[in-house]
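What follows is one structure encoded as structure tokens, with my remarks underneath.
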Amino acid sequence: MRYWLYKSEPATWSWDQQKAKGDVGEEWTGVRNYQARNFMREMKIGDRGFFYHSNEGKEVVGIVEVVREIHPDSSADDPKWECVDIKAVMDVPNPVTLDRIKGEDKLKDMVLVNNSRLSVQPVAEDEFAHVCTMGGVDPKQAMKG
DNA sequence: GCCAACGTTGGC
DNA sequence: GCCAACGTTGGC
């Protein structure tokens, strides 16, 4: 299993809205960047990820799971843009802010820290576990399929 | 609201 | 195929 991070501006699509979709989940539409799209092409059903609020909050607020693999983005005019569907799995009780992440030596290589503009990005397994712990989530719970 | 970083576009 | 101009993202 691999781990990911999805950014969303809460004003556009918030964690509460994602949770309201329940286990059916929702298409992760709107990605218009090749790097981000290519990462979504690598995703498998069951892969876990972080839901991150950009701009407002700047924090990891939830754990999500891939429920449908790559397919055309229904919001795109051009079929080259594709996406996956994800569902909310659990809250992160103590949202992990970007500031806290930047303060952790173990997380200095996170894509979030080094490429702030990439909206869908991979997270290393140990990074994922560490952020879970910081957020008050049991990594075993968050990382099992 | 500003601007740095990054991606894309298009002229040459 | 280079690179200047432009647009967008997202942290500050």
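Values computed for the structure shown
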read-out: Distance cut-off 19 Å, percentage of C-alpha pairs in chain A lying past it; value: 47 percent
read-out: Net +/- balance of residues flanking residue A:119 in space, Cβ distance below 12 Å, scoring K and R +1, D and E -1; value: +3
read-out: Point-to-point label distance, residue A:16-residue A:116, nm (Cα→Cβ direction, 7 Å offset); value: 2.7 nm
read-out: Residue A:24-residue A:102 pseudo-label distance in nm [points 7 Å out on the Cα-to-Cβ vector]; value: 4.0 nm
read-out: Gap separating the Cα centres of segment A:99-114 and segment A:121-145, nearest whole Å; value: 14 Å
read-out: Integer Hz, Karplus 6.51/-1.76/1.60 couplings in order for segment A:6-16, x for Gly and Pro; value: 10, 9, 8, 6, x, 5, 9, 8, 9, 4, 4
read-out: Nearest-20 debye value, chain A charge dipole, Cβ charges on Lys, Arg, Asp, Glu; value: 180 debye
read-out: Where a label projected 7 Å from the Cα of residue A:80 along Cα→Cβ would reach, residues of segment A:10-40 with amide N under 19 Å; value: A:29-40
read-out: Dipole of segment A:1-46, positive direction: furthest Cα of A:11, A:40, A:30, with charges on the beta-carbon; value: A:40
read-out: Contact order normalised by residue count of segment A:11-131, Cα under 8 Å, 6+ apart, percent; value: 27 percent
read-out: Whole-Hz couplings from phi, Karplus 6.51/-1.76/1.60, listed for segment A:116-126; x for Gly and Pro; value: 5, 9, 7, 8, 10, 8, x, 10, 5, 4, 5
read-out: Long-range HN-HN contacts of residue A:96 with modeled amide H, under 5 Å; value: A:60
read-out: Segment A:135-142 - phi-based ³J(HN,Hα) in whole Hz, Karplus 6.51/-1.76/1.60, Gly and Pro as x; value: x, x, 10, 5, x, 4, 5, 6
read-out: Overall Cα dimensions of segment A:1-41 - principal axes, largest extent first, Å; value: 28, 26, 14
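FYI, it's all coordinate maths here, none of it is from the lab. Predicted model, so just to flag it, every value in this text is computed and none were measured. Cβ atoms come from the backbone with ideal geometry, glycine included; neighbour counts cover every protein chain shown.
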